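S.K.: Let me begin by handing over the structure; questions about it come next.
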Amino acid sequence: MTTTAATDAGSSGAHPRFAEALRELGLGDLVSQVRRFPDATRTAAEAAAAVGCELSQICKSLIFAADTVPVLVLMDGASRVDLELVRRELGAGKVTRAKVDVVRETTGYAIGGVPPFGHRTRTRVLADRSLLEHDVVWAAAGTPYTVFPMAPADLVKYADGTLVDVREHIS
């Protein structure tokens, strides 16, 4: 029997589009490392509790609109994105959270399940350096119930991200 992205994704829990993206990137072995949970891992806190890791080991994939152009920001789960730092980094006039329909249209995934790569459209990616503080981080695998592990430097590479400092610093 020949396996397909859909059958592999079904057994692993990865979204079929994401499983296919992994294969296209030469990362097909990661499909078997996707972990599916019975309860949602939609938030970083839910994902960290399900995986049993630190909150900062969760990689959030967040879509913002920079002068209405979607941009993906990869941020550790314990931190918030500083919109002013993103605005400066992009040279944009205004940066806001993207609306739900823009997230789905841009990525092909629902909020809470957006992976760091394998999106419907090519989007500029900013990755906060805080992700590099860990050997492994966990990111969404295309559904609100699935996550996968990856070395942060590899995650940034495959997402074609630019390393930046856009984490909000509370004083």
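The values are calculated or read from the model by the stated rules, or taken from the named source; none is laboratory data. Note that the structure is predicted; figures quoted are calculated from it, not measured. Please note: Cβ atoms are built from the backbone with ideal geometry, for glycine as well, and neighbour counts cover all protein chains shown. Accessible surface areas use protein heavy atoms only, side chains included; no ligands, DNA or RNA. Shrake-Rupley method; radii C 1.70, N 1.55, O 1.52, S 1.80 Å.
S.K.: Those residues that are of a type in the set (D, E, K, R) and either more than 17 Å from Val164 (Cβ to Cβ) or not in a loop (DSSP other than H, G, I, E, B) (or both), I need them from segment 74-107; list them, please.
M.R.: Residues satisfying the conditions are Asp76, Glu84, Arg87, Arg88, Glu89, Lys94, Arg97, Lys99, Asp101, Arg104, Glu105.
S.K.: Just to be sure I understand the filter: pairs with C-beta atoms under 9 Å, separated by 6 or more residues or on different chains, first member in segment 49-64 and within 27 Å of Thr106 (Cα to Cα) and among the aromatic types (Phe, Trp, Tyr), second member open to solvent by less than 30 Å² (accessible area, probe 1.4 Å) and in a loop (DSSP other than H, G, I, E, B). Which pairs pass?
M.R.: Phe64/Ala98
S.K.: Something else: Would you check which residues across segment 17-45 are closer than 23 Å to Asp101 by Cβ and surrounded by 17 or more Cβ atoms within 10 Å (Cβ to Cβ) and list them?
M.R.: Arg17, Phe18, Ala21, Thr41, Ala44
S.K.: Give the residues of segment 14-55 that are among the aliphatic types (A, V, I, L, M), over 17 Å from Gly113 (Cβ atoms) and part of a helix (DSSP H, G or I), sorted by residue number.
M.R.: If the condition is that a residue be among the aliphatic types (A, V, I, L, M), over 17 Å from Gly113 (Cβ atoms) and part of a helix (DSSP H, G or I), then Leu55 is the only one that fits.
S.K.: To continue, here is another question. Somewhere in segment 47-56, is a residue open to solvent by 60 Å² or more (accessible area, probe 1.4 Å) and on the phi > 0 side of the Ramachandran plot?
M.R.: yes
S.K.: Of all the residues that make up segment 130-149, how many are of a type in the set (A, V, I, L, M, F, W, C) and open to solvent by 30 Å² or more (accessible area, probe 1.4 Å)?
M.R.: The total comes to 3.
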